[in-house]
Amino acid sequence: MDSKWGGSCWFIPGPTRLTDAVLAGLAHPTMTHRSPEFKAVMAELHGRLRHSFALTPTTTEIGQQAQEGEDGYSVVVVSGSGTAAMEMIIANRFGPDDNVLVPTNGKFGERVAQMCQHFANVTHIKYAWGQPFDLTEIDQILSTGKHDALAICHNETSSGITQNAPEIAKITEKHGVPFILDGITSVGGLPVHPAEWNAEAVVVGGQKCTAGPSGIAAVAVSENFVEAMMERRETNPNPPIYYLDLIQALKKAADDQTPWTPSINLCTGWVASLREQDEEGMEERWARCARLAKGVRNLFIDLGFELFAHEDQRSDTVTAVLYPEPSWGEEWRRWMAMERDTHVIGGQDHVKGRIFRVGTMGVTHIEEMVEGCRRMIEGFRHFGMELPDLDVESYFR
């Protein structure tokens, strides 16, 4: 492999780079959202999103219930960011008499906990950022029978760690507790198996691993989720939701529509990105993201850097690297963007200025990553670091 990448290197863990096909999709002439033309868009979007969620395939044809499959899961598109989709799940499923357990080890898990606090009672277990959950502790807490659900951020981009969802799923199933996943930065880039994990609901954001536009998201919900939601609606027919009413969204999705005026051009743009996803193949995309992340991790370790997340659960869609010198780390990052057109992102909250994060999701090319890593090494040397001469390309073969 010979890297010939000459353009911008974009390693932000969302929003990811948009291809020309996606940009063309965004530029589609406006149509009415109640037209057969737009119903065709929604049918294709539903069918292809089922591939993203690793659900049983359906169809992409209009009027064929593309959103609902044999596995009992239904897909709904949300005109809003992944946070809006996560709020839709929580607001429609839980109430003030519910107790939700939320373990966290990063910024976005903490956001899930904060969101749940608006609709339910929350037991928030804070683990150190980038460190694994204590699954024995979670097992013990759920064994008390005092919790009605467990919700997690599956892939924590703030700290570069992916939760052990298969093992967590075993624990929730053991105790008969519903399992809710914020999969905003994992669905489409990492193996996510809602049916296998018996997850009641999973969320994805368009601008992350599926390499679609920002401001649009989707949820996948199981039959159990829908039944529990309907039972709650019988006792509380007027919950504090309107725009994010999932019952209305499911009804309209069955007719290849949305309850309100959707983000029409974001839908046409997302369809374009999902076509590219399906052309590549889901397992092939998972493998490419893993290959990129492994190369980044091994390269920076061999250069003498320390990675932030625990070695057993490092994410394959973003790698968090500790700055060698926090005093000029953020200056290096800005210099890389301004002088070398290479874009990574810094840390948040208490790790701001301590780490930088390299995204390996979406449609990132291996050639782009090779060139970007070469530029980053050049940048660190510009700031006075002495680094070994390594064959960067060999880390991504």
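Please treat every number below as a calculation from the coordinates, not as lab data. If you're wondering where the values come from, they're calculated on a predicted model, not measured in any experiment. Here Cβ is always computed from backbone atoms with ideal geometry, including for glycine, and neighbour counts include all displayed protein chains.
Structure notes:
- Tensor-based shape of segment 124-230 (alpha-carbon gyration tensor, a/c under 1.5 rounded, otherwise prolate or oblate): oblate
- Placing unit charges on the Cβ atoms of the charged side chains and taking the dipole of the chain about its Cα centre, the candidate lying farthest along the positive direction among 351, 135, 217 is 351.
- Compactness relative to 2.2 N^0.38 Å, alpha carbon Rg of the chain: 0.99
- Alpha-carbon centroid distance for the pair segment 271-308 / segment 111-150, whole angstrom: 29
- Rounded to the nearest 20 debye, dipole of the chain from Cβ charges on Lys, Arg, Asp, Glu: 740
- For segment 298-304, backbone phi angles converted through the Karplus equation (6.51, -1.76, 1.60; θ = phi - 60°) give residue-by-residue couplings of 5, 4, 5, 5, 5, 6, x Hz, Gly and Pro being listed as x.
- Calculated FRET efficiency, residue 306 to residue 39, Cβ-Cβ distance, R0 = 56 Å: about 0.60 to the nearest 0.05.
- Derived from the Cα gyration tensor, the three semi-axes of the equivalent ellipsoid of segment 334-384 are 19, 16, 9 Å, largest first.
- Across segment 34-45, coupling constants 3J(HN,Hα) worked out from phi with the 6.51/-1.76/1.60 Karplus curve, θ = phi - 60°, read 10, 8, x, 4, 6, 4, 5, 4, 5, 4, 5, 4 Hz, and Gly and Pro carry x.
- Taking 20 °C and 1.002 mPa s as conditions, segment 31-159 diffuses translationally at an estimated 127 µm²/s according to Stokes-Einstein applied to its Kirkwood radius (Cα pairs).
- Partner lysines for residue 146 [C-alpha distance under 19 Å; skip if fewer than 8 residues away on the same chain]: 126, 170, 174
- Sequence-ordered 3J(HN,Hα) estimates for segment 242-255 from the Karplus curve with 6.51, -1.76 and 1.60 and θ = phi - 60° stand at 9, 4, 9, 5, 6, 5, 5, 5, 5, 4, 6, 4, 5, 10 Hz, glycine and proline given as x.
- Cα shape, segment 167-320, gyration tensor, a/c 1.5 rule: oblate
- Net charge of the neighbourhood of residue 247, taken over other residues with C-beta under 13 Å away and scored Lys/Arg +1, Asp/Glu -1, is +1.
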